[in-house]
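Asker: Before anything else, here's the structure in question.
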Amino acid sequence: MLGPVTETDPAREAAARAAVERIEPGSTIGFGSGRAVWRTMELAAERLAGAGPLRAAFASDRTADLVRRLGFQAVELDGETRLDLAIDGADEVDGDLGLVKGGGGALLREKLVVCAAERFLVVAEARKRVERLGQGFRLPVEIVRFAWPDTRSRVLAIVPEAELRTDGGAPLVTDEGHHLLDCRLPAEGSLEELAAALKATVGVVEHGLFLGMADEVLLGRPDGGVEALRPASG
């Protein structure tokens, strides 16, 4: 079970505190995964205590443990439930609010939670901002385990490098029972086209490019300040 998130990163703490201010009492929230999200959950439980039950869906087994420990009312994505807000972190953020996600291995569930929400709020540290996605972090691509080397070969027709993620020397298995490829993104070209090509590849379940999905990104700074980014059209 996940223990208390003792936050020692002031940038992450600042972003989490700003995120809590966006949560309305009685909301139904979708929580992703990662330390920024878990800290946001703890702060939300403190701030909204006594303001009515906070209902929450969760994108990973570790987040589910924290949901239960904090006393949130767990909800299922049953095809009818709509979330008021999804909150998640990011491994990289670009100037158009495009994201690379999946460093924690939960990208498929995270994307499902985001798609079930009216709004998507990202909490991250300012150091995660990049000029182009893939600049400092490889793109996770979730694939089925059966014949995974064949799927990797097809993925390599789209990206320059794709390495199977391992855990303790064995291939990592996600919460949904799949493998992950960590892929180097090309330095040029349309990421929207690349995302579409990956999604159309046989054996690929989902990828960690979240393009045109975020409504607001909160970037915490080491000095405790927060920069709020919103789409240019908003």
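The values are calculated or read from the model by the stated rules, or taken from the named source; none is laboratory data. The shown structure was predicted, so the numbers you read here are calculated from the model rather than taken from an experiment. All Cβ positions, even for glycine, are placed from backbone atoms using ideal geometry, and neighbour counts span all protein chains on display. These accessible areas exclude ligands, DNA and RNA; they are computed on the full protein's heavy atoms, side chains included. Shrake-Rupley method; radii C 1.70, N 1.55, O 1.52, S 1.80 Å.
Asker: In Å², what does the accessible area per residue of the chain work out to with a 1.4 Å probe?
Answerer: Ligands and nucleic acids excluded, the figure is 46 Å² per residue.
Asker: Which distance in Å, rounded to a whole number, links the C-alpha centroids of the range 151-228 and the range 34-84?
Answerer: Answer, in whole Å: 25.
Asker: Here's another thing I want to ask about it. Multiply the residue gap between Leu172 and Ser190 by 0.36 nm, knock off their C-alpha separation, and tell me the result in nm, one decimal place.
Answerer: Result for the pair: 3.6 nm of gain on full extension.
Asker: For all pairs of alpha-carbon atoms in the chain, what percent lies in each bin of width 10 Å, listed from the first bin to the last filled one?
Answerer: 8, 33, 36, 19, 4, 0
Asker: Between Glu125 and residues 5 or more places away or on another chain, which pairs have amide H atoms under 5 Å apart, with H built 1.01 Å from N, and which residues are they?
Answerer: Under 5 Å from the amide H of Glu125 lie the amide H atoms of Gly220, each far enough along the sequence or on another chain.
Asker: Which value does Rg/Rh take for the range 24-65 over its C-alpha atoms, Rh per Kirkwood?
Answerer: On the Cα set of the range 24-65, Rg over Rh gives 0.95.
Asker: On C-alpha positions alone, give me the angle between the axis of helix 10-20 and the longest principal axis of the chain, in degrees, nearest 10.
Answerer: It works out to around 70 degrees.
Asker: I want to check the label-to-label distance for Arg82 and Gln135. Put each point 7 Å from Cα in the C-beta direction and report it in nm to one decimal.
Answerer: 3.6
Asker: If you roll a 1.4 angstrom probe over the protein chains with everything in place, what fraction of the accessible area of the chain belongs to carbon and sulfur, to the nearest %?
Answerer: Of the solvent-accessible surface of the chain, carbon and sulfur hold 48 percent.
Asker: Using θ = phi - 60° and the Karplus form 6.51 cos²θ - 1.76 cosθ + 1.60, what ³J(HN,Hα) does each residue of the range 214-221 get, whole Hz, x for Gly and Pro?
Answerer: Those phi angles translate into 7, 8, 7, 10, 9, 10, x, 10 Hz.
Asker: Also: GluC sites (Glu not before Pro), restricted to the range 53-133: which are DSSP loop and have at most 13 other Cβ atoms within 10 Å?
Answerer: Those that pass, being in a loop and sparsely packed, are Glu76, Glu80, Glu118, Glu131.
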